[in-house]
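The values are calculated or read from the model by the stated rules, or taken from the named source; none is laboratory data. Since we're looking at a predicted model, the values are computed, not measured. Glycine gets a Cβ as well: all are built from the backbone with ideal geometry, and neighbour counts include every protein chain shown.
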Amino acid sequence: MATRAQLIFLGTLLVLVVAALLWVFVSLPDAQASGVYEPAVSEPEPEPVPPLPPPALLQEDEDPPVVYPLYLVLDDAGHTLEDLRRFFPFSGTFTVAVLPGLADSVESARVSRALGHQVILHQPMEPLSDLDPGPGAIYLGDTEEVVRQVLARNLASLGPVAGVNNHMGSRVTADPETMRTVLRFLQEQQVFFLDSRTTPESVVEEVARELDIPVLVRHVFLDNHRTREAIRDQLLIALDIARNNGEVLMIGHVTSPELAEVLLEMEGEIIRQGFSFRPLTEALQRRGADADSRN
């Protein structure tokens with residue numbers, strides 16, 4: 001049998017153990033608060049991006065009496081297919097302007113055609129700045145032979161294209177001699193030219209009238225400022241132009257995820273209000289029809 005001294009020792013030990021457990025239990029919240037105890041917690045979900053409010057385009061009308069054509073061109077394709085994939089869910093028709101000589105230039109053109117979109121060559125041209133326009137560029141001072149060779153090589157590299165527009169090119173599109181060469185060659189190839197209108201000094205329309213060659217001209221750049229709000233504002237300006245002029249030609253860039261988001265958000269309301277995304281070649285046909293009606 002345990003002696004009285006042993007019983008006292010065991011009793012004291014039991015009291016100490018219980019006291020220690022009680023101290024740990026009571027102190028646990030303070031330990032958590034002080035950072036000693038760090039329970040594993042899941043990372044909070046990011047705040048969702050609030051959707052843009054529905055655009056106020058036209059007055060409510062269940063059956064809009066007029067269909068306004070919208071011509072949308074997406075520049076700078078060719079760097080990577082990932083750029084283009086952002087726009088695949090968009091059901092409207094658009095035209096893909098592909099830069100030559102880049103890693104995914106050929107595949108971007110092929111995939112775009114396979115999805116039913118028109119393809120044009122996004123022809124690099126010398127700008128006013130010192131920026132490099134990229135491979136396959138046309139420069140001020142190039143001979144007629146060089147200009148024709150560059151265009152022929154770039155067109156052949158992409159396969160069938162409907163037309164050409166300028167990438168950069170403020171210096172070249174302001175030069176009548178170079179643009180005469182460009183427009184004559186493209187007419188021979190039966191492809192049109194779209195002036196991206198990167199400079200108010202452009203002579204493209206003037207030279208085209210001189211040569212009696214139809215050309216297209218950009219009305220609105222959608223994403224010069226790449227925020228959702230700025231792009232939405234530019235799109236609403238474009239729709240207003242379409243209402244007043246009967247059509248609008250818009251240029252954006254495949255490198256702008258914000259543009260893809262705004263187009264997807266606004267597409268349903270745009271169509272409901274009587275607008276229609278159309279192939280770019282229809283704009284050229286309208287120019288021909290207008291010219292015939294004046295003759």
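Could you give me the residue pairs with C-beta distances under 7 Å whose first residue belongs to the stretch 218-233 and is closer than 20 Å to THR95 by Cβ and modelled with pLDDT of 95 or more, whose second residue is of a type in the set (A, V, I, L, M) and in a loop (DSSP other than H, G, I, E, B) wherever it lies, and which are 6+ apart or on separate chains?
Taking only residues 6 or more apart or on different chains, the pairs are ILE231/LEU222.
Among the residues of the stretch 260-280, how many are within 16 Å of the chain's Cα centre (by Cα), charged (D, E, K, R) and farther than 11 Å from SER91 by Cα?
Applying the first criterion (within 16 Å of the chain's Cα centre (by Cα)) to the stretch 260-280 yields 260-267, 277.
Next, only the ones that are charged (D, E, K, R) stay: 261, 265, 267.
Subset that is farther than 11 Å from SER91 by Cα: 261, 265.
Of the residues in the stretch 260-280, 2 are within 16 Å of the chain's Cα centre (by Cα), charged (D, E, K, R) and farther than 11 Å from SER91 by Cα.
Got a number for residues in the stretch 238-258 being crowded, with 17+ Cβ neighbours inside 10 Å, part of a helix (DSSP H, G or I) and within 17 Å of the chain's Cα centre (by Cα)?
Of the residues in that region, 2 qualify.
Within the stretch 162-174, restricting attention to residues that are surrounded by fewer than 21 Cβ atoms within 10 Å (Cβ to Cβ) and out of contact with any Asp or Glu (no Cβ under 7 Å at 6 or more places or on another chain), which residue is farthest from GLN285 (Cα to Cα)?
The residue in question is SER170.
How many residues, within the stretch 96-117, are surrounded by fewer than 21 Cβ atoms within 10 Å (Cβ to Cβ) and either touching a residue at least 40 places away in the same chain (Cβ under 8 Å) or among the aliphatic types (A, V, I, L, M) (or both)?
9
Checking the structure you have, find out if any residue of the stretch 211-228 is more than 23 Å from the chain's Cα centre (by Cα), more than 18 Å from GLU282 (Cβ to Cβ) and assigned to a helix (DSSP H, G or I).
Among the residues of the stretch 211-228, at least one is more than 23 Å from the chain's Cα centre (by Cα), more than 18 Å from GLU282 (Cβ to Cβ) and assigned to a helix (DSSP H, G or I), which makes the answer yes.
LEU84: surrounded by 22 or more Cβ atoms within 10 Å (Cβ to Cβ) and closer than 21 Å to SER157 by Cα, yes or no?
yes
Inside the stretch 224-237, can you point out the residues that are surrounded by fewer than 22 Cβ atoms within 10 Å (Cβ to Cβ) and either closer than 21 Å to LEU194 by Cα or touching a Pro at 6+ places or on another chain (Cβ under 9 Å) (or both)?
ASN224, ARG226, ARG232, GLN234, LEU236, ILE237
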